[in-house]
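What follows is a set of notes on a single structure, which appears directly below.
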Amino acid sequence: MLKGLDIYKGRKVLITGQTGFKGSWLTGWCLQLGANVVGYSLPQAPTSPSNYELCKLSGRIHEVSGDINDFDKINQLIQDERPEIIFHMAAQPLVLPSLENPRETFATNAIGTINVLEAARHCDAVKAVICITTDKVYENEEWLWGYREVDRLGGKDPYSASKAMAELAINSYVQSFFRPEWYGDRHTVAVASVRAGNVIGGGDFADFRLVPDCMKALIDNGPIVVRNPNYIRPWQHVLVPLGGYLLLGAKMLQPGAEAYIGAWNFGPPEMNGITTSQIADQLIELWGSGSWLCENSDSDKLETSYLRLSWEKAARQLNWQPGYDWKDTMRDIVEWYRAWDEGKDLEALMQAQIKRYAESVTV
């Protein structure tokens, strides 16, 4: 059982980007923990269908519509709502769309993060800010070992570069305003960034992503198109990193929070990663039918062939570990999309899957 999360009960939690794939799952989990959730996002969900809407989350939290690039609005929201902890997830989260709209991607991912940090700096109610970035913030060296939190930041495509810029901004705010050694004297805000990539799970309907593409093809009885079958990624169920974020947040709401300021990686148990073809094959096997074919494009050249994360820091300092391996992940994904295809109660399924995952963790 994932322990220590009862601290969220009755606390006010602000989630930016709560209507997104990861944001919707975090919202559902915080509600299950008894938190008082406030959400800030654009008026329209980023995908249609939307996991947030399918799981009927909108009526269970206080929603405020707005753009993360609107500093005055996010600042006023934080001053009015006075959350104790902020999970900043609002972002342009995909590589290929960043090539079509680089300016928007840089503004949303970098300036949007600065807006949240600046607003939090001026609200004495805020005790913790966790900024969600990505595993792609690291300079791509095609290493066969996992990137660590101290490794060099970089990024060739606008998405990766914009998230690395966000990380630089977060570190600048930490060094300028939120240093651990100043905690309790000059400030009382613990700030962290969390890095996890290739997050998958039920309810993801984004374009240009492997699992949604696979499940759409399987439901439509068509072939799955796999762009890079041999690419290796740290695939992980969405609840794996979210459990890490929540555990980190719980530590940051308690005495000694200054020890948790900084960057954190969260990843799956398969430290060597899993290929995209393995993902497609396993989904086909669990679904009971289907096939895949390979189709490459010029934009694929911007993506790294090898990408792995080391989450040794989280294991040592948070006593955190992932509760699911990749086959557990595939099981829950197929269960979710089959339930969606059959018109079942997805709100109940979300809560059941969260509970099952939390019980699978042994820390």
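The values are calculated or read from the model by the stated rules, or taken from the named source; none is laboratory data. Values in this document were obtained by computation on a predicted structure and should not be read as measured data. All Cβ positions, even for glycine, are placed from backbone atoms using ideal geometry, and neighbour counts span all protein chains on display.
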Kindly establish whether Asp67 is out of contact with any helix residue (DSSP H, G or I) (no Cβ under 8 Å at 6 or more places or on another chain) and either exposed (fewer than 14 other Cβ atoms within 10 Å of the Cβ) or among the acidic types (Asp, Glu) (or both). no
From the list Asp124, Asp151, which one is among the charged types (D, E, K, R) and touching a Phe, Trp or Tyr at 6+ places or on another chain (Cβ under 6 Å)? Asp151
Residue that is under 30 Å from Ile86 (Cβ atoms) and either under 22 Å from the mean Cα position of the chain (by Cα) or at pLDDT below 95 (or both), where the choices are Gly184, Gly256, Gly197: Gly197
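Please work out if Tyr324 is among the aromatic types (Phe, Trp, Tyr), at pLDDT 95 or above and surrounded by 15 or more Cβ atoms within 10 Å (Cβ to Cβ).
yes
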Of the conditions (1) under 26 Å from Ile170 (Cα atoms); (2) under 17 Å from the mean Cα position of the chain (by Cα); (3) part of a helix (DSSP H, G or I); (4) of a type in the set (Ser, Thr, Tyr), Ser98 satisfies every one except a single condition; which number is it? (2)
Within segment 115-143, the residues that are surrounded by fewer than 19 Cβ atoms within 10 Å (Cβ to Cβ) and among the aliphatic types (A, V, I, L, M) are Ala125
Residue by residue through segment 144-156, note down the ones that are surrounded by 14 or more Cβ atoms within 10 Å (Cβ to Cβ) and assigned to a loop (DSSP other than H, G, I, E, B). Gly146, Arg148, Glu149, Asp151, Gly154, Gly155, Lys156
Taking the stated definitions as given, is Lys163 at pLDDT below 95 and either within 14 Å of Pro93 (Cα to Cα) or within 17 Å of the chain's Cα centre (by Cα) (or both)? no
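Can you spot a residue in segment 82-92 that is in a helix (DSSP H, G or I), of a type in the set (S, T, N, Q) and out of contact with any Cys (no Cβ under 8 Å at 6 or more places or on another chain)? I'd like the intermediate steps shown before the answer.
The initial filter retains those residues of segment 82-92 that are in a helix (DSSP H, G or I), namely none.
Within segment 82-92 (the criterion being in a helix (DSSP H, G or I), of a type in the set (S, T, N, Q) and out of contact with any Cys (no Cβ under 8 Å at 6 or more places or on another chain)), the answer is no, since none of the residues qualifies.
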Unmet criterion (only one of (1) part of a helix (DSSP H, G or I); (2) touching a Pro at 6+ places or on another chain (Cβ under 8 Å)) for Pro268: (1)
Enumerate the pairs (first residue in segment 174-189 and exposed (fewer than 10 other Cβ atoms within 10 Å of the Cβ); second residue anywhere and modelled with pLDDT of 95 or more) with beta-carbon separation below 8 Å, excluding pairs fewer than 6 apart on the same chain, so at least 6 apart or on different chains. Glu181/Glu258
Suppose the filter is over 20 Å from Ile132 (Cβ atoms), among the basic types (Lys, Arg), surrounded by fewer than 21 Cβ atoms within 10 Å (Cβ to Cβ) and free of Cβ contacts under 8 Å to residues at least 40 places away in the same chain; does Lys9 pass it? yes
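Which one of Lys22, Lys12, Lys3, Lys56 is among the basic types (Lys, Arg) and more than 18 Å from Gln351 (Cα to Cα)?
Answer to the check: Lys12.
Of the residues Ile284, Ile274, Ile279, which single one is under 29 Å from Leu99 (Cβ atoms) and either at pLDDT 95 or above or out of contact with any strand residue (DSSP E or B) (no Cβ under 8 Å at 6 or more places or on another chain) (or both)? Spell out how you get there, then give the answer.
Numbers: Ile284 fails: under 29 Å from Leu99 (Cβ atoms); Ile274 fails: either at pLDDT 95 or above or out of contact with any strand residue (DSSP E or B) (no Cβ under 8 Å at 6 or more places or on another chain) (or both).
Step by step, each of Ile284, Ile274, Ile279 is checked, and only Ile279 is under 29 Å from Leu99 (Cβ atoms) and either at pLDDT 95 or above or out of contact with any strand residue (DSSP E or B) (no Cβ under 8 Å at 6 or more places or on another chain) (or both).
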State the number of residues belonging to segment 123-135 that are within 15 Å of Ile261 (Cα to Cα) and over 19 Å from the mean Cα position of the chain (by Cα). 2
What number goes with the only condition from (1) surrounded by 19 or more Cβ atoms within 10 Å (Cβ to Cβ); (2) of a type outside the set (Ser, Thr, Tyr); (3) assigned to a loop (DSSP other than H, G, I, E, B) that Pro229 does not pass? (1)
Quick one: which strands (runs of 3 or more DSSP E) sit completely within segment 1-76 and have at least 1 residues that are closer than 26 Å to Gly323 by Cβ? 12-16, 36-41
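When you go through Ala107, Ala120, Ala90 one by one, which is the residue that is small (Gly, Ala, Ser), within 28 Å of Gly10 (Cβ to Cβ) and more than 18 Å from the chain's Cα centre (by Cα)?
Details: Ala107 fails: within 28 Å of Gly10 (Cβ to Cβ); Ala90 fails: more than 18 Å from the chain's Cα centre (by Cα).
Criteria check complete, one pass: Ala120.
Which residue is nearest to Gly273 (Cα to Cα), if the candidates are limited to segment 314-333 and must be assigned to a helix (DSSP H, G or I) and without any contact (Cβ under 8 Å) to a residue 60 or more places away in the chain?
Within segment 314-333, the subset assigned to a helix (DSSP H, G or I) is 314-317, 326-333.
Still in the list and also without any contact (Cβ under 8 Å) to a residue 60 or more places away in the chain: 315-317, 327, 330-331.
Values: Ala315: 18, Arg316: 21, Gln317: 23, Lys327: 13, Met330: 15, Arg331: 18 Å.
Ranking the qualifying residues of segment 314-333, first place goes to Lys327.
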Restricting attention to segment 268-285, report how many residues are exposed (fewer than 15 other Cβ atoms within 10 Å of the Cβ) and either hydroxyl-bearing (Ser, Thr, Tyr) or more than 23 Å from the chain's Cα centre (by Cα) (or both). 1
